[in-house]
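*Asks:* I have a structure here, written as structure tokens, and I will follow up with some questions on it.
Just so you know, all these numbers are worked out from the coordinates, no wet-lab data involved. All of these numbers come straight from a predicted model, not from anything done at the bench. Cβ: placed from backbone, ideal geometry, glycine included. Neighbour counts: every protein chain shown.
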Amino acid sequence: MAAVANPVQADPLAQARQAHVYLEERLKATSATTSFRSIPIIDLTPSFSSSRADRQKVANEIHDACTTVGFFYIKGHGIPKGVCDDVLKLAERFFHELPEPSKEAIHLKNSPQFRGYEPAAFSSVNDFASKETKEAFNWGYEAGLDPTGGDGKYVDIDGSSDGSKNQWPSEDELPGFYKGIAKYYSHVLQLSRHLCRLFALSLNLQEDFFEPMITHPGGIARLIRYRPSSNPKPLSEVDEDEEIGLGAHSDYECFTLLLQDSNPGLEILSSDGHWISAQPVEGGIVVNVADFLMRWTNDKYKSTVHRVVNRTAKERYSIPLFFSINYDEIVETLPSCISEDNPAKYLPIAAGQYVLDRLSLTLKTGKY
Ligand SMILES: O=C(O)CCC(=O)C(=O)O
Ligand SMILES: [Fe+2]
């Protein structure tokens, strides 16, 4: 086991609370560790090459983005444009076509695993945001959505392993919904596995280091709808009283792959206090490091605070996948991220336990 210096807390809930305190501190931070004004764009095309040098080159770009901004766009990722367009259309159909009682029937409050429909103003990712205007539909990994078929050993965040916990709308009411979701999800899952190989190279690990840990990965995804703004205004440097679509937060898992439509809205907090707009990039998918990977890398890779404000008079749709390694995998700090001068800061923890603690904390604050 890796040496653990000053283990913060042995109690997972206390650790989760501490992560919340950490977020509060990040939001207040004014002194820069790394400040930025733009988000790198990384072309993944060479990462599919049989040349190790080509793959390493992309991995090095990922390393630079993750140790500074914590966010980057990927292009040349291989998911066909039609698949992305179709799933965004499906999101629109879900919110517009599914009758309210049918949405209510698959409400997230029925699900200990946070799956299903979440109406506007139902939750808040942090204690500081006023009511969030977003609406969402959440689902998680199931073997039927995985083109590998999975390994039959899927374990959920709460340790359960008795089948899918997803709440799907009925095929009669929303024909083709499950099929369309499955198509996009299978693509984005395989892309995440590909990224895991690049993350491994970027961290000086064997390229297949993560492979045994992603055979039944955690992958909560959501369709999100942000209403048009009633009073559109441009991003200003100081804006305390925003109409918040999604409050300032960092993500919980390993990394997030975000498909956004053509409307801007995502804003990322530079460490000198400026919010930077992650404008949609044609054919691009946004990738960001999340808290579990930050912890796993001993804080080397940055999980950067972000929020969503729809400043346009149009609806905005986005579809994040929060990719985690197998939830039952217990991890300790990555060997390439510790040294005598920089010993491991965190205790080993199961990937799913960490996510559950963070999600439960949202419950504890009474916002769910
Ligand atoms: O909708 C977006 O652009 C970002 C969504 C997000 O940050 C999240 O769901 O965690
Ligand atoms: Fe997020």
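*Asks:* Under a point-charge model restricted to the Cβ atoms of Lys and Arg (+1) and Asp and Glu (-1), what is the dipole moment magnitude of the stretch 163-203 relative to its Cα centre, in debye to the nearest 20?
*Replies:* That gives the stretch 163-203 a dipole magnitude of about 340 debye.
*Asks:* Any chance you could count the Lys pairs in the stretch 140-245 whose alpha carbons are under 30 Å apart, treating pairs 8 or more apart or on different chains as valid?
*Replies:* 5
*Asks:* Aspartates and glutamates within cross-link reach of K89: Cα-Cα under 20 Å, excluding same-chain residues under 8 positions apart?
*Replies:* Cα-Cα hits under 20 Å: E97, E100, E118, E135, E171, D172, E173, D261, E282, E315.
*Asks:* Which of the three applies to the stretch 168-309, rounded, prolate or oblate, going by the alpha-carbon gyration tensor with a ≥ b ≥ c and a/c under 1.5 meaning rounded? Write down the numbers at each step before the final one.
*Replies:* On the way: a/c = 2.33, a/b = 1.15, b/c = 2.02.
Cα axes put the stretch 168-309 in the oblate bin.
*Asks:* I need the peptides 283-291, 339-347 ranked by packing, meaning the mean over residues of other C-beta atoms within 10 angstrom, with the highest value on top.
*Replies:* 283-291, 339-347
*Asks:* Moving to a separate point now. Among the aspartates and glutamates, which fall within straight-line cross-link reach of K345, defined as a Cα-Cα distance under 17 Å, with same-chain neighbours fewer than 8 residues apart omitted?
*Replies:* Partners within reach: D11, D291, D299, E332.
*Asks:* Now for a different question. Name the lysines eligible as straight-distance cross-link partners of K57: C-alpha to C-alpha under 24 Å, and not fewer than 8 places from it in the same chain.
*Replies:* Here the lysines satisfying the reach criterion relative to K57 are K75, K300, K302.
*Asks:* Between Q206 and E173, what FRET efficiency comes out of the Förster formula 1/(1 + (r/R0)^6) with R0 = 30 Å and r the beta carbon distance, rounded to 0.05? Intermediate values should be presented prior to the final figure.
*Replies:* Values: r = 47 Å, r/R0 = 1.58.
Taking R0 as 30 Å, the efficiency between E173 and Q206 is 0.05.
*Asks:* Please work out how much length the chain gains when fully extended from S38 to D86, using 0.36 nm per residue of separation minus the C-alpha to C-alpha distance, in nm with one decimal. Walk me through the intermediate numbers first.
*Replies:* Numbers: separation 48, 0.36 × 48 = 17.28 nm, distance 2.87 nm.
So the extension gain works out to 14.4 nm.
*Asks:* Fewest Cβ neighbours within 10 Å first, please rank D261, D272 accordingly. Intermediate results must be reported in sequence, preceding the final value.
*Replies:* Numbers: D261 20, D272 14.
With the sparsest Cβ surroundings first, the list reads D272, D261.
*Asks:* Residues with beta-carbon under 10 Å from that of N342, excluding N342: net charge, scoring Lys, Arg +1 and Asp, Glu -1? Numbers along the way, then the final one.
*Replies:* Details: positive: K300, K345; negative: D299, E340, D341.
Computed value for this residue: -1.
*Asks:* Using a/c under 1.5 as the rounded threshold, could you call the stretch 81-178 rounded, prolate or oblate? The axes a ≥ b ≥ c are square roots of the C-alpha gyration tensor eigenvalues, and prolate needs a/b larger than b/c, oblate otherwise.
*Replies:* Working: a/c = 1.65, a/b = 1.16, b/c = 1.43.
Judged from the Cα gyration tensor, the stretch 81-178 comes out oblate (a/c at least 1.5, b/c at or above a/b).
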